[in-house]
Structures are given as structure tokens and as C-alpha cells.
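Just below is one structure, and these are the notes that go with it.
None of the figures in this text is laboratory data; all of them are computed from the coordinates on show. Nothing here was measured: the structure is a model prediction, and the numbers come from that model. Cβ placement follows ideal geometry from the backbone for every residue including glycine, while neighbour counts extend to all protein chains displayed.
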Amino acid sequence: MKDTTKTATLTLNGQSYELPVLSGTAGPDVIDIRKLYTQAGVFTYDPGFTSTASCDSTITYIDGEKGELLHRGYPIDQLAEKSHYLEVCYLLLYGDLPTAAELEDFESRVTKHTMVHEQMQYFYRGFRRDAHPMAIMVGVVGAMSAFYHDSTDINDPWQREVASIRMIAKMPTIAAWAYKYHIGQPFVYPRNDLDYASNFLRMCFAVPAEDYEVNPILARAMDRIFTLHADHEQNASTSTVRLASSSGANPFACIAAGIACLWGPAHGGANQACLEMLKEIGTPDRIPEFIARAKDKNDPFRLMGFGHRVYKNFDPRAKVMKQSADEVLDLLGIDDNPILQVAKELEKQALEDPYFAEKKLFPNVDFYSGIILEAMGFPTSMFTPIFAVSRTVGWISQWKEQQSDPAHKIGRPRQLYLGATRRDYVDIENR
Ligand code: SDX
């Protein structure tokens, strides 16, 4: 519960204003400025929201200084080691780890919703074969509201629940089909006898011409990648989903908006950009050249997979991902992967460089994930769609939390106006 015993005093134009200070269960206090404009006639100014709490939440907590990430209080490294993606989905959606019976029921409900309406296949055929799979996913997910009318009434808790299960269940099918369409292979349907990660791998890599056995090592690595990307507090795409849903838009449209935002290279698109950067570097001897470019103010180049708005220490997900990269490549017998060697040497040299130390730039979740995904057989264009599949549970959990709050309002930021003041229209002959 929020502790509201403290206040902050703002003095402006000779006037003092008492603003409530709210404390949560962890993390910084917040100054409640909801009445500031009506009391003092001023806005606060925070482009990029670096110092702004946009909502209450009980789902995910990040301590950027310590490099800590908790989902409903459970540390991400413990969940990555001991849990699995659908159990983490249950935790994010409902707030606690499930009993064995609750987990079995949840997994069964998700499994039974993995197929998509057969007519949705026609959406794919409208795209060029070389369309980026993220472009296809934005379109197909947005179109889901045209097929699943019975779970678009956001004021009905049961329909919110059905929409949540449908989104989590169908995203792997939609993403796998975007990949199959991209490479010109037939769609592969989900199977109810496979777990979530194995189903996704089979839908991506199986062909009708032969049987496909899922490699359990890859399935475990895939599930861990899903777990590591599941939710991350109020990041750009989650904030996009919350803002879209604040207008009352249906959940499928809100998730499509989140996918669109995630695609950017500063956000979820960084995993694709990072592997492309590592390949461009190619050999350890070229690393100094790229580090110099990243430090050059006149060069827009940045080290992809490095830095983070919140983490000013190691991203705990990057640590798990790095360990997983070693394990997967070793188990696959790819022990001399040159790209992994470049990544490790780049990380070493960057962390020894004062520029990165001063700016507290460390590897983030996207730095090692691409190496694992490429070793699993995915092209770089599928890296961000895989991020989107995983993050759907985070988007949906945050969406449900917001929709369940009767006090939530439409999001409507203001601005600092620097444009022309009032002036009269000038007829064209007088210009
Ligand atoms: C994700 O928000 C989340 O939670 C996101 C995410 C999630 O799970 O949802 O964690 C997933 O998006 C991870 C981030 C993936 N993006 C990248 O790896 C792209 C490369 N990183 C940067 O673009 C950048 O670090 C950001 C966008 C991630 C964060 O940028 P900020 O917080 O806005 O910081 P900034 O741009 O103000 O940079 C601060 C300084 C600047 O130098 P100065 O102007 O102060 O001199 O650090 C520099 C930047 O130039 N800097 C970098 C750098 N990142 C920041 N310099 C070189 N290489 C980099 N990668």
C-alpha cells in the first residue's frame, strides 16, 4: 500500500505548494504532482520520462544501480534457473507462483488456444516475401480484433482473461508463420503434445517432407530466452501498450502498438542490430575502431547491446544470457564461434574503457541473445519477433493491471510550447 505521510514543498513565484510524497514497497519515493497544474499553473518537464513514474504497479521491480530485476519479488536469475516461461507467465499475470494443479490448468488453457483462425493465413499472403517479420506481426496481431470479437470488451474481466490467454498462446504461431512466409515454406500447425518453446521451434523449423525432433537443449535455451524477456517495468513498448489501452482500445490493437514500438533499434530491435554490428566488426583486431566510433560525439554510431535507461550496472539478464550462450554453443559443439569471441573481447575492452565506465554503460539483454538465436538457426530478422513473443505476457499483464484499476484515466501528456504565438492569417497576395 502507498505510504502518504511525507510531503515536498515547492516554492514558485513567492508561493509555496505542499506536494504529497508517496513511498512504495521498494525503489524511490515519488512526488505526487497530479494537482500541480491546478494549484500552481505550471507543468513539469521530463522528455523521455527519465524521472517520471507513470503508474503504480506490483508486477516488476528494477534496481538499476544494483542491477536487480524482480518479477512479483522473485529474482530473474532464480526464475531463469528454476522456473520456465509459462510458469513465469502465470506469476506475472496472477501475482504468485502456481501450485502444480494451477500450473497444469494454465498450461492446458494456453495450449488449447495456440491455433489461429484459419482465415488469418490470408493476411500473410498480402505481404511481399521479403517483408520484415515484425511488419507482418504488427499487421496480423492488429487484425486479431477482427477475428476475436468475443474477447474485446475490456470492461468484462472474463473477456480480459480470455484475450490474455489468446495473446500468449497465439503469438508463437503468428511469429513462426511470419518466418515461414518470409522463407517461402508452408505453415506448420502447433501441436498440443509439445511444450511452449518446443512448439515454437517445431513451427519454425519443421517441414512437411520429414519428421522433426525438437532438440531438448535448444528447447531449454529457447524457453530461457522467453523467460528473460518476459517483462521489464515501464519500458518504451510497455508504456506504449498502457497509453494505447488508456483510451479503451481493444487488447489486440494495444499489443500491435507495443510490437511497433519494440521494433526500434534503441529498444527490442537492438538484438538484430547487435549481431549485425558484431558481424561487421568481424575480428577482435577491429574492436578498437568501433569503440572509438561509439565514443565519437560526431559519429551517431553506438555499441548495440550496450547501455540502458535504467541499468547503471550489469543487466542481470545479460549475465544469464552470456552463461546460456556458452552452454548452448558448447552443447552444440560450436566452441570456436568467432562472433562469440568478438562479443566477449568487445565486452572486455569496453568495460575497461573510461568512457563506458563513466557513463555506466554495460551489456544489456540484447548483447548476447543474438548469438544464441543465430546458433539455434534463426536469421537476424527473427530476433525481435522472438522478443515480441516473450514480451507479450509483460504487455498483457501490465494492460490487465491498468484495466483493473477503476481510477485509471486516459493518458494525455502536455508540452512546453516554443512555437509561434497568435498571429492573423495573411492572404497569399500579401505574403
Ligand atoms: C532494451 O527500457 C527497457 O527496459 C528496455 C529493455 C526491455 O527489456 O524492455 O531493457 C530492452 O531496449 C535494451 C536496450 C537495447 N538498446 C540498445 O542496446 C541500443 C544501444 N543503447 C543505446 O541506444 C542507449 O544506451 C539506450 C537507448 C539503451 C539508453 O539510452 P538513454 O538512457 O537515453 O541514455 P542516453 O542516450 O542519454 O546516453 C547517455 C550517454 C550519452 O552520452 P552523452 O550525451 O551523455 O555524452 O551515454 C551514451 C550517450 O551517447 N551512450 C552510448 C551508448 N548508450 C548510451 N554511447 C555508446 N554506445 C552506447 N550503446
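Key figures
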| read-out | value |
| --- | --- |
| Environment charge at GLY64 (Cβ cut-off 14 Å; Lys +1, Arg +1, Asp -1, Glu -1) | +1 |
| Vicinal HN-Hα couplings computed from phi for the stretch 33-43 (Karplus, 6.51 cos²θ - 1.76 cosθ + 1.60; Hz; Gly/Pro x) | 9, 4, 9, 4, 5, 5, 7, 10, x, 10, 9 |
| THR58 paired with PHE147, simple spin-label distance in nm, labels 7 Å along Cα-to-beta-carbon | 3.4 nm |
| Net charge dipole size for the stretch 1-140 [Lys, Arg +1 and Asp, Glu -1 on Cβ; Debye, nearest 20] | 620 debye |
| DSSP loop chymotrypsin sites (Phe, Trp or Tyr not before Pro) with at most 11 other Cβ within 10 Å excluded, longest remaining stretch of the chain | 46-416 |
| Spatial separation of Cα centroids for the stretch 232-307 and the stretch 145-189, in angstrom | 24 Å |
| Entries of LYS66/LYS297; LYS297/LYS344; LYS112/LYS170; LYS180/LYS400; LYS279/LYS344 with Cα pairs more than 21 Å apart | LYS66/LYS297; LYS297/LYS344; LYS180/LYS400 |
| Per-residue Cβ neighbour rank within 10 angstrom, fewest leading, LEU22, LEU303 | LEU22, LEU303 |
| Calculated FRET value between TYR122 and ARG191, using beta carbons and R₀ = 22 Å, to 0.05 | 0.45 |
| Dipole of the chain [Lys/Arg +1, Asp/Glu -1 at C-beta], most positive-end residue of PHE301, HIS71, LEU86 | PHE301 |
| The stretch 13-134: C-alpha pair distances exceeding 20 Å, % | 67 percent |
| Rg to Rh quotient for the stretch 100-241, alpha carbon positions, Kirkwood Rh | 0.96 |
| P(r) histogram, all alpha-carbon pairs of the stretch 7-53 included - 5 Å bins from 0, percent | 5, 18, 26, 26, 16, 7, 1 |
| For the stretch 293-375, the spread of Cα positions along each principal axis, largest first, Å | 41, 23, 20 |
| For the chain, calculated [θ]222 nm from helices alone, where every DSSP H run of n ≥ 4 adds -39500 (n - 2.57) | -15000 deg cm²/dmol |
| Globularity ratio of the chain, using Cα Rg and 2.2 N^0.38 Å | 1.06 |
